[in-house]
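One structure is given below, encoded as structure tokens.
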Amino acid sequence: MSIRFKVILPYLLLTLLVAVTGAYVVTRLVTNSLEERLSNQLFEAGRVVSDSMARREIDHFQDARLVAFTSGLGEALKDGDDERVVVLAKPAAGGLNVESLMVFDAQGREKLHTIKQSDGTIRDVTQRDQQAALPIVEELLAENSPDSLPRRALAQNPVDRRYYYFTAIPIPFGDRVVGVVTVGTSLDTLVPLLKATASADVILYDKNGQALASTLGGNTTDPLFLRTLSIEKDFYDRVIVQDESVEGENFEVEGRFYRSGFSPLRISNDRIAVFAVILPMQFVVESSSVSRNNYVALYSAAMLAVILVGYLIARIIILNPLSSLVRTSRAIAAGDLNRRTGVRTNDEIGVLASAFDAMTENLQERTHELEKTNRVLEQMDRTKVRFIQISAHELRTPLTLVQGYAQMVELKSKGNKDLEKYARGIVSGAERMVGIVDNLLDVSRIDSNLLDVRATDVEIAALVEKAKKAFDASLEERRMNFSVQGLADLPFVKADTELLYKVFYHVIGNAIKYTPDGGSITISGSTVRERGKPPEIEIKVRDTGIGIDPQYHELVFEKFYQTGEVLLHSSGKTKFKGGGPGLGLAISRGIMDAHHGRIWLESAGHDEAKNPGTTVFIRLPIDGHK
């Protein structure tokens, strides 16, 4: 059977059992007590009222800002231009659907006061220069800060004597306050909206515990009726500082019993009043707490059974085989190729384990073959190195004799142009052979890690000049321009002078060989500082030669590697595309590695028509350490 069915089918059956049991329990047994349902509903209704008031405050703030930041209003208040204040602010009362809009100047004098009528018309009830009766206006003017936060209050409008929820913000001009704008929504409008949103009756109280508005028995602000709903001031003071709802006592209105919950009306950090949400006692049906306990017990037992059975199935079918796979894979990663999973099942994990074991066995066989091949290659490499060492040493003695006798023949052939020419050719060839033998010896020392670095203070500019002199004749013969930039400003570096000379010798020689006649070679230097590394110097050797394909940028640093067709190379040491054993850059990299430095090259590609050129980078730590 597939593993997916082994896992899913038991869980599916158990889930179905739990669902049937839950449906039965919900249908036949689940009930909650009246007290719990009422408490939860009251708490939720209180949250809805608070959220609705917060949204109303956002609307107030946005409307007030539109008025306060009306272009020119601040300047009109500063200049005392009452007519202009009315012209600028009054249109907002209709356009913003504001029930009550008041604008005061910096002395708290009323400059505009509008009230929206029941038919939607706007009535101007301004009592020009009357002092503001709202404490929130006086607070903002006393604070005199354009950055003051909004102030809020439940207060009576001095004109229509109705209670409103007011929001006030300062009107700034420059860095000072030149007035205050307040917007308000009447409780006659607000309380029914809160009832519709919270699905519960709502009562709002002032600081003395007097009910200001209520939806019980309809939307009414009748003082006699509201007086029956008032609360004690001590109870109000206790509720206003609470963070959670406080339940009140059951009470009767018009023959119906109600349960109330009281909460502080909080807008931002302000507690501006206390409100109550009211629900009828018949809002829910009383149920048995015994049935609820039975449901909890049954459902908990079923869930525990699902968890226990699921854990056992997962452990036997999935976890144990996977743990074996994990342990085996870690052992193989650590190098133990003899380990096997030992999992023998017919599901997907068993197939995976068998494939893993087969893969490990193949890997073990391949590893043994690679180890044997590697030993053979290591032996061949040691033989090659030994052959190079012996050949170089054996060639040096006869080459020294040839070079000595050729020099003697050259001296004795003065006056005989033909013989002198032949002798000069023998000397030149012998010198070139000695150079190749020296290169072979350098390669053997690098391969054997016998390169002896004797560090002294080295001046790069002088070393480059010395290497350049070795090619003066070739540069003149091939009409090549050679220039240096910034080398004189480089600090001394700790390096082996003789070895570092060979690096510049090989790099400059290559630049000459692969640059057509009339080209140029530029050597520049600079100091480089990278984070976490000691300061280094970087020398760039640029040429205007034929370039190197990007695929060969690393291969040219391998021993005996040469780009292009070897048989097409010329025979001259510094002739265009001159031949050689292909050891110069390999020796250079070995020397740079011994100095804890780097050498690499960059080129756009190989093109003998456009001559994109090549740049070789040589980077050395100044103090000779990494």
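The alpha carbon gyration tensor of segment 428-520 gives principal lengths a ≥ b ≥ c with a/c of 1.5 or higher and a/b no greater than b/c, which makes the shape oblate. Positive contributions from Lys and Arg (+1) and negative ones from Asp and Glu (-1), summed over other residues with Cβ under 12 Å from the Cβ of Ser520, come out at +1. Here's how it looks for Thr126: its modeled amide H is under 5 Å from those of His113, which are all 5 or more places away or on a different chain.
In the chain, the ratio of gyration radius to Kirkwood radius, Rg to Rh, stands at 1.34 when only Cα atoms are counted.
When a/c reaches 1.5 or more, the comparison of a/b and b/c decides; with that in mind, is segment 138-284 rounded, prolate or oblate per its Cα gyration tensor? Prolate is the answer for segment 138-284, as a/c is 1.5 or above and a/b outweighs b/c. Annotation: aspartates and glutamates with alpha-carbon distance below 17 angstrom to Lys421 (same-chain offsets under eight excluded): Glu410, Glu431.
What percent antiparallel are the DSSP beta bridges of the chain, to the nearest 5? If you can, show how the numbers build up before the last one.
Working: 79 of 85 bridges.
Taking every DSSP beta bridge within the chain, about 95 percent pair in antiparallel fashion.
From Cα pairs below 8 angstrom and at least 6 apart in sequence, can you work out the relative contact order of the chain, rounded to a whole percent? Taking the mean separation of contacting Cα pairs over the length of the chain, I get 9 percent.
Each Cα pair of segment 56-188 feeds into the Kirkwood radius, which the Stokes-Einstein equation turns, at 25 °C and 0.890 mPa s, into a diffusion coefficient of 172 µm²/s. Amide H contacts under 5 Å for Val178: Ile171, Phe173, restricted to partners 5 or more places along the chain or on a different chain, H placed in the peptide plane at 1.01 Å from N. The ranking of Thr114, Thr614 by Cβ neighbour count inside 10 Å, starting from the fewest, reads Thr114, Thr614. Per-residue packing, averaged as other Cβ atoms within 10 Å, sorts the ranges 362-368, 157-163 into the order 157-163, 362-368, beginning with the highest.
Rule-based calculations on the coordinates, nothing more; no lab input. Please read these numbers as outputs of a predicted model, since none were measured by experiment. No Cβ is skipped: glycine too gets one built from the backbone with ideal geometry, and neighbour counts run over all protein chains shown.
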